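Data block below; observations after.
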Amino acid sequence: MDAFIVTDHNIKIKDGWIYGKESFDGILNWLRELYPENLVLENRKNKSLKREWACHNFLYDMGIARERTQDVDLDWPQPWYMTLLYNIGGFLVWPFIA
């Protein structure tokens, strides 16, 4: 369970870059089962969480800010501009991540 640190307003996926996009839904659904009252999971859909995760993986793969992008921090609440950035960025990079 050390790979996932869950608090009310945050889910940290340690070394999130090691998980490919085909495993995102399975992991997020598993977390939803374990933490049904978590505010991140109550207020954000898998699509939003997967796009944010995709951005982290893409940036990590490109060698950009690796110390910040190796882990994925899924937060609630999220500033509107980060929501916008992750939704657009995640959509654009999705085809380019494993």
Subset of segment 39-69, residues out of contact with any Lys or Arg (no Cβ under 8 Å at 6 or more places or on another chain) and of a type in the set (S, T, N, Q), comes to N43, N46, S48, T69
Of those in segment 1-28 that are part of a helix (DSSP H, G or I) and open to solvent by less than 70 Å² (accessible area, probe 1.4 Å), the residue nearest to Q70 (Cα to Cα) is G16
Scanning segment 23-37 for residues that are hydrophobic (A, V, I, L, M, F, W, C), in contact with a helix residue (DSSP H, G or I) (Cβ under 7 Å, 6 or more places away or on another chain) and closer than 14 Å to V6 by Cα gives L28, L31
Worksheet item: Does W94 count as surrounded by 12 or more Cβ atoms within 10 Å (Cβ to Cβ), in a helix (DSSP H, G or I), over 10 Å from the mean Cα position of the chain (by Cα) and not aliphatic (A, V, I, L, M)?
Response: yes
Residue pairs within 6 Å by beta carbon, gap of at least six or interchain, first lying in segment 10-26 and touching a residue at least 24 places away in the same chain (Cβ under 8 Å) and under 12 Å from H56 (Cβ atoms), second polar (S, T, N, Q) and surrounded by fewer than 20 Cβ atoms within 10 Å (Cβ to Cβ), listed first then second, are D15/Q70; W17/Q70
Scanning segment 60-85 residue by residue, those of a type outside the set (F, W, Y), in a helix (DSSP H, G or I) and either open to solvent by 60 Å² or more (accessible area, probe 1.4 Å) or touching a residue at least 60 places away in the same chain (Cβ under 8 Å) (or both) turn out to be D61, R66, E67, R68, L84, L85
Just wondering, is there one or more residues in segment 40-48 that are open to solvent by 50 Å² or more (accessible area, probe 1.4 Å) and over 24 Å from A98 (Cβ atoms)?
yes
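The values are calculated or read from the model by the stated rules, or taken from the named source; none is laboratory data. Treat the numbers as computed from the prediction; the structure is a model and nothing was measured. All Cβ positions, glycine included, derive from the backbone under ideal geometry; neighbour counts span all protein chains shown. With ligands, DNA and RNA removed, areas are computed over all heavy atoms of the protein, side chains included. Shrake-Rupley method; radii C 1.70, N 1.55, O 1.52, S 1.80 Å.
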